[in-house]
Amino acid sequence: MVSLRTPMSDDTPRLFIPALAPIYQKLDCVALPLLRFAMGVILIPHGCQKLFAWFGGRGGMLIRMDSKSHKITEWYSPIQYDTFYEAQPDKNGEVWAGGLQSGHFMRFNPKTEQWTAYMMPEPYAHDRRTWIDNSTNPVTVWYVDHNGYMVRVQPLE
């Protein structure tokens with residue numbers, strides 16, 4: 001377990017801010033996942049008293065952390081050598097992530113565990129920031145490319 005405490009010379013943990021001890025204790029169980037997968041995150045409520053955090057990760061990994069059970073679930077992209085900078089869920093519960101090396105924008109349905117790949121406009125495109133417009137049907141995904149281009153992905157289905 002990774003601790004949010006600083007070690008003293010005798011290896012006794014010392015809190016950064018002692019008054020925040022209750023918060024540190026709650027964060028101890030998630031400190032390692034947050035440090036390991038903090039490339040991109042969004043917290044989305046899914047039902048009563050349930051909160052999921054979605055992360056994009058190396059190796060084409062999408063990570064979902066359940067804040068109530070502290071369970072982490074990982075799914076891997078079917079595209080080899082893919083890496084995700086961030087992951088964003090939409091109003092339908094599907095998760096969108098732009099590949100950094102694959103030239104694809106990926107949509108993942110966690111209920112069916114099915115992936116859909118969308119070809120990016122150029123093979124060297126990199127998604128740096130994603131915004132999902134949930135007011136459209138189907139949803140519209142916008143992302144900013146590393147060259148400063150704003151790109152829209154609108155699925156036909």
Distant-in-sequence amide H partners of S102 (H built 1.01 Å from N, under 5 Å): T83
How would W115, W75, W96, W131 line up from fewest to most surrounding beta-carbon atoms within 10 angstrom? W131, W75, W115, W96
Zone of W75's modelled label, taken as backbone nitrogen in the stretch 121-157 under 18 Å from a point 7 Å along Cα→Cβ: 132, 139-141, 155-157
Using the basic label-point model (7 angstrom from Cα toward the beta carbon), what is the L156 to K91 distance in nanometres? 2.3
Fewest first, what order do T116, T130, T136 take by the number of other Cβ atoms within 10 Å? T136, T116, T130
Taking every pair of distinct Cα atoms and averaging 1/r, then inverting, what Kirkwood hydrodynamic radius in Å comes out for the stretch 38-153? 14.2
Can you tell me the dipole magnitude for the stretch 38-153 around its Cα centre, using point charges on the Cβ only (Lys, Arg +1; Asp, Glu -1), in Debye to the nearest 20? 340
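Only the coordinates and a few stated rules stand behind these numbers; no lab work does. This is a predicted model, so every value here is computed, not measured. Cβ coordinates were reconstructed from backbone atoms using ideal geometry, including for glycine residues, and neighbour counts include every protein chain displayed.
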